[in-house]
Amino acid sequence: DMSTAPTPSSSDDAPAVLVETRPGVVRLTLNRPAKGNALGLTMAREVLAAIAAAEADESVHVLTLTGAGRIFCGGGDVQAMAAAPAGPERRAMIQELGEAAGEVAVALTGSRLLVLAGVNGTAAGAGLGLMLGGDVVLVREDAQLVTAFSALGMTPDTGVSYWLPRVLGPVRATQLLLGGRRLNGTEAVEWGLATEAVAGDAFAARLAELEDELVAGPAHTYGPTKALARGADVEALRAHVRQEAASIAAASEHLEAVRWVEAFAGR
């Protein structure tokens with residue numbers, strides 16, 4: 001059983017990320033369900049710290065990333081973006097958030113831990129980036145996967161524009177990045193973005209079962225094999241996410257982006 005952790009709570013004084021441990025596994029649960037587990041600076045920094053702590057424990061081989069509530073991660077924290085005055089202040093805030101999200105993407109890909117993404121619901125924007133950082137991806141059949149950036153007049157971050165063309169090829173990637181195409185969990189498996197899709201009522205049990213299966217495997221080979229398979233991506237991704245952060249910061253000052261962010265935030 002997972003060691004006890006606080007009950008998921010949507011209040012801002014609760015941890016943005018719940019950390020649960022059991023032999024061989026650390027499970028991180030994004031814990032802002034009332035905000036759709038939006039990725040803000042606090043959450044990004046808590047995820048980075050939790051990954052580092054898990055990696056420092058030699059007995060841990062599997063890192064699970066999932067979300068509290070019905071959404072995996074609805075994207076970057078647009079409410080926080082809208083709260084910053086449009087112009088240089090918002091641009092700087094979005095650049096900082098883009099850089100932090102990029103660091104998370106690099107940390108997942110570069111980790112010696114096998115990353116199991118438990119996509120329990122919608123993965124939009126940065127949430128899709130977190131999903132793409134998984135080595136094994138379990139998704140609910142009815143989960144909605146969408147890039148969402150262009151709908152806000154923004155460009156991609158969290159490694160989304162790195163992984164999609166590499167996994168899907170340019171034509172399918174463009175359907176998702178610019179065409180507004182949504183995938184459900186079943187389609188994500190068909191497209192090669194996810195490992196396995198299960199019905200919602202089977203999701204929690206299957207996620208725990210996958211953790212058990214992975215821990216029972218040849219865990220000492222996971223880190224070295226991942227380094228061979230993903231090592232070249234880590235350095236390329238590190239440079240790429242810097243470009244993503246600069247690009248989204250520049251896009252944020254465009255009048256269309258300002259209009260969409262205000263509209264999204266209900267102003």
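The values are calculated or read from the model by the stated rules, or taken from the named source; none is laboratory data. Model, not experiment: these values are computed from the prediction. All Cβ positions, even for glycine, are placed from backbone atoms using ideal geometry, and neighbour counts span all protein chains on display. The protein model used for the area step is the full one, side chains on, heavy atoms only, and it has no ligands, DNA or RNA in it. Shrake-Rupley method; radii C 1.70, N 1.55, O 1.52, S 1.80 Å.
Summary of values
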quantity	calculated
Calculated from backbone phi, Karplus (6.51, -1.76, 1.60) coupling profile of the stretch 239-252 in Hz, x at Gly/Pro	5, 5, 5, 5, 5, 4, 5, 5, 5, 5, 5, 5, 4, 5
Kirkwood-type radius of the stretch 26-78, with distances r between different C-alpha atoms, in Å	11.6
With eigenvalues of the C-alpha gyration tensor scaled by 5 and rooted, the stretch 24-115, Å	27, 15, 8
C-alpha center-to-center spacing [the stretch 108-179, the stretch 243-267] in angstrom	20
Within a Gaussian network of the chain (alpha carbon springs, distance under 10 Å), most fluctuating of T122, T155, T221	T221
In Hz, Karplus ³J(HN,Hα) per residue of the stretch 48-58 (6.51, -1.76, 1.60; θ = phi - 60°; x = Gly, Pro)	4, 5, 5, 4, 4, 5, 5, 5, 6, 8, 5
At 1.567 mPa s and 4 °C, Stokes diffusion of the stretch 176-244 via Kirkwood alpha-carbon radius, µm² per second	85
Total charge dipole magnitude, the chain, about the Cα centre, Cβ charges on Lys, Arg, Asp, Glu only, Debye to nearest 20	600
Cα lying deepest toward the dipole's positive end in the chain, options A263, N184, G169, charges on Cβ	A263
Nearest 10 degrees, 0 to 90: helix 255-264 Cα axis against the chain principal axis	60
Computed E for A250/E196 - FRET, C-beta separation, R0 51 angstrom, nearest 0.05	0.85
Karplus (6.51, -1.76, 1.60) ³J(HN,Hα), θ = phi - 60°, over the stretch 137-144, in Hz, Gly and Pro reported as x	10, 9, 9, 5, 4, 8, 5, 9
Long-range HN-HN contacts of A194 with modeled amide H, under 5 Å	V189
Relative contact order of the stretch 11-103, defined on C-alpha pairs under 8 angstrom at six or more residues apart (%)	31
Between helix 88-110 and the chain: long-axis angle, C-alpha atoms, 0 to 90°, nearest 10	20
Simple label model, 7 Å out from Cα along Cβ direction - A92 to A49, nm	2.4
Descending semi-axes in Å of the stretch 137-217, equivalent ellipsoid built from Cα gyration tensor	27, 14, 11
Once the Cα gyration tensor of the chain is diagonalised, semi-axes √(5λ) in Å	28, 20, 18
Relative contact order computed over the chain (Cα-Cα under 8 Å; 6+ residues apart), in percent	20
Amide H contacts of V115 (H built 1.01 Å from N, under 5 Å, at least 5 apart or other chain)	L63, D135, V136
Carbon/sulfur fraction of accessible area - the chain, other protein chains in place, 1.4 Å, %	56
